[in-house]
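Enquirer: The following block contains the structure, expressed as structure tokens.
The values are calculated or read from the model by the stated rules, or taken from the named source; none is laboratory data. Quick caveat, the model's predicted, so the values are computed rather than measured. Virtual Cβ from ideal backbone geometry, glycine too; neighbours counted across all protein chains shown.
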Amino acid sequence: MAVGLDCYLCQLVVGLLVHSCLDAAGAGLGAVGAGRTVAALACQLLVLSFANQVLLTMAVRASAGKLIMGLRVIRLPDAGRPGFRRLVLRWLYGLFWLPLQPWYRLRGARPGGERPVERPGGCRVEGPEDLAGVRQVRHSDLRYYRAATAGRTG
């Protein structure tokens, strides 16, 4: 649900921006105008997606959709705040690797053969949800985890 909300919000905002730009230009769409509109739409989608998935997650540990759903993004294994590099890797995996998974499943092939994938820091990946060394957890579970570890060490 959080990913769907992120996609919907990103497309809604970009659609409103492009619509307002087209209204401000006041020109009909010819072949050149349509190409420019598609290029502007693609660029704005990428920039907004990056801002939502990387910059907002760095600031508040969640993208807009995850905030609405009550989720947080944590770094493994210590449940800390993920760094910029890990968040960029996670964003790139979401753009390029994850959309190809249905294709691999239909063909019965595994991406990369049988080699284990490594995340930043040289640790083995536990599964596709762990490609960049980050996980999504419920905010309430994260609070309980921190309280339990504080009681154990304090």
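Enquirer: For CYS123, all conditions in the list (1) surrounded by 13 or more Cβ atoms within 10 Å (Cβ to Cβ); (2) modelled with pLDDT under 85 hold save one; what is the number of the exception?
Expert: Exception for CYS123: condition (1).
Enquirer: Can you report the number of residues in the stretch 65-87 which are charged (D, E, K, R) and assigned to a loop (DSSP other than H, G, I, E, B)?
Expert: Residues flagged as charged (D, E, K, R) and assigned to a loop (DSSP other than H, G, I, E, B) within the stretch 65-87 amount to 2.
Enquirer: So if I check each of LEU29, LEU9, LEU16, LEU45, which one is in contact with a Gly (Cβ under 8 Å, 6 or more places away or on another chain) and either modelled with pLDDT of 80 or more or not in a helix (DSSP H, G or I) (or both)?
Expert: Checking each option against the conditions leaves just LEU9.
Enquirer: While we're here: Conditions: (1) more than 12 Å from the chain's Cα centre (by Cα); (2) on the phi > 0 side of the Ramachandran plot. LEU71 meets all but one. Number of the miss?
Expert: (2)
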